[in-house]
1. For the stretch 13-38, how many residues meet the condition of being of a type outside the set (A, V, I, L, M, F, W, C), open to solvent by 40 Å² or more (accessible area, probe 1.4 Å) and either assigned to a loop (DSSP other than H, G, I, E, B) or free of Cβ contacts under 8 Å to residues at least 40 places away in the same chain (or both)?
2. Looking only at the stretch 90-141, count every residue that is more than 13 Å from the chain's Cα centre (by Cα), closer than 30 Å to R267 by Cα and open to solvent by 10 Å² or more (accessible area, probe 1.4 Å) and tell me the total.
3. I'd like the full set of residues that are assigned to a helix (DSSP H, G or I) and in contact (Cβ under 8 Å) with a residue 60 or more places away in the chain, limited to the stretch 177-189.
4. Could you look through the stretch 203-229, keep only residues that are among the polar types (S, T, N, Q) and touching a strand residue (DSSP E or B) at 6+ places or on another chain (Cβ under 8 Å), and pick out the one that is surrounded by the most Cβ atoms within 10 Å (Cβ to Cβ)?
5. Check every one of the strands (runs of 3 or more DSSP E) wholly within the stretch 190-269 and list those with 3 or more residues that are outside the structural domain of L117 (by the TED database), of a type in the set (F, W, Y) and closer than 22 Å to E160 by Cα.
6. Going by the structure shown, is A280 more than 25 Å from G13 (Cα to Cα) and touching a strand residue (DSSP E or B) at 6+ places or on another chain (Cβ under 8 Å)?
7. Residue by residue through the stretch 93-140, note down the ones that are without any contact (Cβ under 8 Å) to a residue 12 or more places away in the chain and touching a Lys or Arg at 6+ places or on another chain (Cβ under 6 Å).
8. For R43, indicate whether it is open to solvent by 50 Å² or more (accessible area, probe 1.4 Å) and either touching a Lys or Arg at 6+ places or on another chain (Cβ under 6 Å) or over 22 Å from S230 (Cβ atoms) (or both).
Amino acid sequence: MPYGTAVRRRKLGAELRALRGRAGLTSGEAARLVGWHQSKVSRIETGRSWVKASDVTLLLDAYGVRDPSLRDLLVALAGPGGGDERPHWWQAYRELLPPEYRDFIRLESQADRMRTLETTVVPGLLQTPDYARAVTRAALGGLPDAQIDALVEVRLARQEVLRRDSPLRVSAVLDEAVLRRTVGGPGVMRHQLYRLVEAARMPHVRLQVLPFTAGEHIGVTGPFVIFSFSNISDLDVVVLDHLTSSLYLEAKEDLKAYADAFNSLQRLALSPEDSLEFIAGTCDGA
């Protein structure tokens, strides 16, 4: 993931500049509070220089920012490494998870809304333990069983965002292939389909099935996720997963293209009510 992209630098810098202004500090005063030269603060705020997560924490302390969700989000913008050491559950898996995955989890935990297209497997936030284990083993079959089990634990722990007081709002479009592909055997797949039925009935989860009869569509280019954040309106991020890495898109033109694509797919897909009936019918045939 390109943590040093100009787009992300500018977004983070602009937010830090706004917070400094609200704290009533000049850039020189802020620099003296954290022991820097004024030019470093200026370069960070204008996006000309990248900033470490630990430096973001110093600035937030100087500006009196105490909101934990906002702190977490801004530290996440700086990418992995250092930063606010407030304990998070994924820190227990630090040796197992690559920095990019930890950053993804942090962003997911701070997001207000997630829009996702899935073309091959059930979204991770809606997977059962056995389904998650089968998918993880297929993707990373060379790992020891203990590491596979730990990765499954991580995937299940991520699902807490659906159960918190202000749950993540999820809009998911699932290609029919997701429902038809037998993962882990018939029994595992049957329970997974039942889990989707339960999820579709949650008020903050909107599931739509894109049936084979919809024909060709823009989603054939592959799955994607769009994260949105209530703290900062200009922070939507598109995530494209590859076999060995993830690509994050943050430019306005990319965000618009993927948002338009998702809206198009929602119009092609079955309604949430018809999708629930479709999934339930698939359960009966599984």
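The values are calculated or read from the model by the stated rules, or taken from the named source; none is laboratory data. Predicted, not measured: the structure shown is a model, and the values here were computed from it. Here the Cβ positions follow ideal geometry from the backbone for every residue, glycine too, while neighbour counts run over all protein chains shown. These accessible areas exclude ligands, DNA and RNA; they are computed on the full protein's heavy atoms, side chains included. Shrake-Rupley method; radii C 1.70, N 1.55, O 1.52, S 1.80 Å.
1. Looking only at that region, the number is 9.
2. Matching residues across the stretch 90-141 total 6.
3. Step one: filter the stretch 177-189 for residues assigned to a helix (DSSP H, G or I), giving 177-180, 186-189.
Of everything in the stretch 177-189, those that are assigned to a helix (DSSP H, G or I) and in contact (Cβ under 8 Å) with a residue 60 or more places away in the chain turn out to be V178, L179, R180, P186, V188, M189.
4. At the first step, the residues of the stretch 203-229 found to be among the polar types (S, T, N, Q) are 208, 213, 221, 228.
Add one more test, that the residue is touching a strand residue (DSSP E or B) at 6+ places or on another chain (Cβ under 8 Å), and what stays is 208, 228.
On the way: Q208: 22, S228: 17.
For the stretch 203-229, the residue satisfying everything is Q208.
5. none
6. Numbers: more than 25 Å from G13 (Cα to Cα): yes; touching a strand residue (DSSP E or B) at 6+ places or on another chain (Cβ under 8 Å): no.
Taking the combined requirement at face value, the residue does not satisfy it.
7. none
8. Here the answer is yes, as R43 does meet what is asked.
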